1. Only residues that are among the aliphatic types (A, V, I, L, M) and surrounded by fewer than 23 Cβ atoms within 10 Å (Cβ to Cβ): list them for the range B:306-325, please.
2. What number of residues in the range B:345-358 are over 15 Å from the mean Cα position of the chain (by Cα) and more than 14 Å from chain A (Cβ to nearest Cβ)?
3. Among the residues of the range B:196-229, count how many are of a type in the set (Gly, Ala, Ser) and buried (at least 24 other Cβ atoms within 10 Å of the Cβ).
4. Could you list, in sequence order, the residues of the range C:31-60 that are without any contact (Cβ under 8 Å) to a residue 12 or more places away in the chain and away from chain B (no Cβ under 14 Å)?
5. Looking at B:300, B:276, can you tell me which residue is touching a His at 6+ places or on another chain (Cβ under 8 Å), closer than 30 Å to residue B:130 by Cα and more than 14 Å from chain C (Cβ to nearest Cβ)?
6. Any residue in the range B:181-190 that is of a type outside the set (S, T, N, Q), within 23 Å of residue B:345 (Cα to Cα), within 14 Å of chain C (Cβ to nearest Cβ) and in contact (Cβ under 8 Å) with a residue 60 or more places away in the chain?
7. Within the range A:277-296, does at least one residue satisfy the condition of being more than 14 Å from every other protein chain (Cβ to nearest Cβ), aliphatic (A, V, I, L, M) and in contact (Cβ under 8 Å) with a residue 12 or more places away in the chain?
Amino acid sequence: MNDWLSASFALFIFPGFGFLFVCALAFQWIDRRVAARLQGRIGPPWFQPLADFIKLMAKEDILPTGAHEWACAALPMVSLATVLTAALYIPVGGQAASAFEGDLIVVLFLLSIPALACFLAGWLSVGVYSVVGGNRSLLQYFSYEVPFLMALSGPAILSGSWSISRIAAQQAGATWMVFVQPLGFLLAIVGLIGKLKRSPFDIPKAKSEIVAGPLTEFSGRKLALWHLTLHIQTVVGLFLLVDVFLGGCSIGLAVPGVLVFTVKAVLILLALSVASVLYARLRIDQLANLGWRVLAPLALAQMLTTMWIGVR
Amino acid sequence: MTRITIPIGPQHPALKEPLSFLLTVEGERIVDSALRIGYVHRGIERICQNRNYVQNVHVVERICGICSHIHTTTYCQGVEALLGLQVPLRALYLRTLLGELERIHSHMLWLGVLAENIGFTTIFMYAWRDRETVLDIMEEFSGGRVAHAVNVIGGVRIDVDEAQVDSILARLDELEQQIEILLGVIQHERTFQARTRGVGHLSVEQVRRYCVVGPTARASGVNVDMRRDAPYAAYDWLDFRVITAEEGDVWARTMVRVLETIESLHMCRQLLAELPEGPLAVRAPRRVPPGEVVSRGEAPRGELVYYIRSDGSDSPARVKIRTPTLTTLITLPDQLRGVNTADVPAVLAGVDLCIACADR
Amino acid sequence: MNNETMNNERLESAMLVEAILQALRETFPAETVEAQAVPIGETFIALPADCIHPAVRLLIKRFDLRHLSTITGQDTGSAIELLYHFWDGGGLTLRTSLPREKPHIATLTDLIPGAAFYEREVSEMLGVTFDGLPDPRPLLLPDDWNGEAPLRQRPTAPTPGPSPNPSASLRTGSGGGEQKPPPQNWGGLRGGGEEETQ
């Protein structure tokens, strides 16, 4: 019985769905507020993300004629399920809900599914803007994913383990990975911006070009779930980076682990917010250029250096 | 490769006014495009024939939101030429002042729209925040932020006093500092240049073939500006440069417009410093003797032409209006050929469309 | 910009107008070619309809006068008058008259492609046919327009045109007749509309 209770607690409250949901709303608010202040605006009040979610859930849910109804209904739920599953293996405050050797690979795989789901959503919700947006989503995936994977492999190789929990645990009391592999950290952040389709890589949902990209034809509850997926993916991505590069919840002070962990995640979020207001949106071919001519070679150099050091 | 047809408009986030494009796209490149306008055609020219000359001042003001003052200026000076009126100097200076303030406003609004279209929301927010300074000045002067109703046939209706002049000068100084910051960003920021350089190119030959006017023509090197070539209002007594560029792409048009904004600021200062004393308007008779007139002005988007024919009554027999956006619209299919779909909003914003003006 | 430069330019454009008048007189010896001064600083020259195209070709070839500001069309009651407004440092307008019954004139788009929009507008507003205009579709009027030319002078008892208040039919509930969707009148695209692929 206790097992069931603690498992349910971990799954639904902390560090499961409840905690992720609250974090998603809070991080979204911080992001919007910081970006607004940098642009000379005020920004939304603290309850805005929650209000947006509730509003969307209550709205009418229609799709154009010819769209695949059941597939378009299933895709946001599948997306959400994959990011929530990925969150199970990421330790928050020291303990992951589940951990095994190689869970880093599984998490990276699960976090790639939303990009594919976006493409399918664009394709199946029949609409010119959606199809173009879906195509761009896939093109963008190929541009940032390789540097991202290579950047995250560096700490794994140095730690000698492919389990996120062990990578995080090994940084307690030792130097954090960000100081050992600063280039990798930077590449991981750039990759994360691409993965989350944030400015300046918000090409698939370029508002002024293709209205809303793959999600143009979605509305109501399906759109609410898509947005929730995106925000939880933000949270999960940030937590992953904190565990792999910033030493999880370790710090040389007697502070609760969860607090430290969240503060570190918010610091990376601030970097992402600042990056989102500094640049114009890139074109897809410029992003592909950037990804393959700059990021991928850097990541490759980084990884080879790491492997050479690891071998020695 | 298969071709798909992408509609841009009549409702689209890249367009501020209804306009319809059908783009034929192969992959990410545009192969062909078809343009339709007329969604906001209100029949202004016919309406003008059914109203008297005084009412028409208000009708032509409502052709467009952001170039309303130049429309009334050009119309009024045409009717004043038919009537043989000598407009007082102070009125001419005030007309010019509002015309330049309107140019500043139009260019700053345009800069925000261009930035938003290429995804650079920060510049959009900054440009529109700074545009509020100009709007406040215009509201204090005329009572309206965009529809000023300052011109009457024979002069202007509203005056500025010493205190207002000082307050306007102070705010123009603030505005200049802000515009210098924006200019710095445009000149040096790499992503902005990556999205605007080489996009939407128009050669000098194309400009001349399509009779393009305004900053779009000046950005391709064609040196034409009605303020200098056909001086009206107080431009005869002002000292200003006409800004041109050579590259002919969206970036060149941006540079031309931002530098023109700074030049307009200098002109406003000159006008306020040299504002002559005198009456604001002369009385204008209601009936206009028979005759015809061609009146030209330089709107923020280029040469504005009015042809007015009177038949001796108090209502014009014909008012023909040619707005500058028509000349740039006709170049769009040429500009869009071979361009990336991602660059379409940049190209559309680069020519500064004012569809309400074009459709009348 | 001072008055002296202004006067010099006015002198230059006066000399240009003289040269143009001379050239036109040589080209059309049968016509009386006179300049009429019109405010503001404009010169009007009246020519017959079939002389307009050769005159414009002359202006382009010999004087490099290519900037056509606009084409005004007006119904003077007795004729349809077309005004071709040019600008080259000074305003020059060519005036011509067309009969009210089936007016037609050669297009200028082969010489000045920018004339296309102006000719389309005159064509739809006054019912003038421009021979050789490659794309004669209406520019501003809606697809379901009833065909009358809006800027023609109306007879004293105006015939009912399209309903001025389209929502009136909504109020009665029965509708003002079948509203068929406007035709897809795109033109200019070769096969693009049909080949919508996924």
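The values are calculated or read from the model by the stated rules, or taken from the named source; none is laboratory data. Since this is a predicted model, take the numbers as computed values, not measurements. Positions of Cβ are backbone-derived with ideal geometry, glycine not excepted, and every protein chain shown enters the neighbour counts.
1. Step one: of the range B:306-325, the residues among the aliphatic types (A, V, I, L, M) are B:308, B:317, B:319, B:321.
The answer is B:317, B:321.
2. In the first step, residues of the range B:345-358 are kept if they are over 15 Å from the mean Cα position of the chain (by Cα); the result is B:345-348.
Filter once more, so that each one left must be more than 14 Å from chain A (Cβ to nearest Cβ): none.
Of the residues in the range B:345-358, 0 are over 15 Å from the mean Cα position of the chain (by Cα) and more than 14 Å from chain A (Cβ to nearest Cβ).
3. The first filter runs over the range B:196-229 and keeps only residues of a type in the set (Gly, Ala, Ser), leaving B:198, B:200, B:203, B:214, B:217, B:219-221.
Adding the requirement that they be buried (at least 24 other Cβ atoms within 10 Å of the Cβ) leaves B:200, B:214, B:217, B:219-220.
So the answer is 5.
4. Of everything in the range C:31-60, just one residue is without any contact (Cβ under 8 Å) to a residue 12 or more places away in the chain and away from chain B (no Cβ under 14 Å), namely C:32.
5. Values: B:276 fails: touching a His at 6+ places or on another chain (Cβ under 8 Å).
Every option except B:300 fails the conditions.
6. Within the range B:181-190, not a single residue is of a type outside the set (S, T, N, Q), within 23 Å of residue B:345 (Cα to Cα), within 14 Å of chain C (Cβ to nearest Cβ) and in contact (Cβ under 8 Å) with a residue 60 or more places away in the chain.
7. Looking through the range A:277-296, at least one residue is more than 14 Å from every other protein chain (Cβ to nearest Cβ), aliphatic (A, V, I, L, M) and in contact (Cβ under 8 Å) with a residue 12 or more places away in the chain.
Condition check ((1) of a type in the set (S, T, N, Q); (2) within 14 Å of another protein chain (Cβ to nearest Cβ); (3) over 30 Å from residue C:111 (Cα atoms); (4) over 22 Å from the mean Cα position of the chain (by Cα)) across all residues:
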| site | (1), (2), (3), (4) |
| --- | --- |
| B:91 | no, no, yes, no |
| B:107 | no, no, yes, no |
| B:113 | no, yes, yes, no |
| B:138 | no, no, yes, no |
| B:147 | no, no, yes, no |
| B:152 | no, no, yes, no |
| B:166 | no, no, yes, yes |
| B:192 | no, yes, yes, yes |
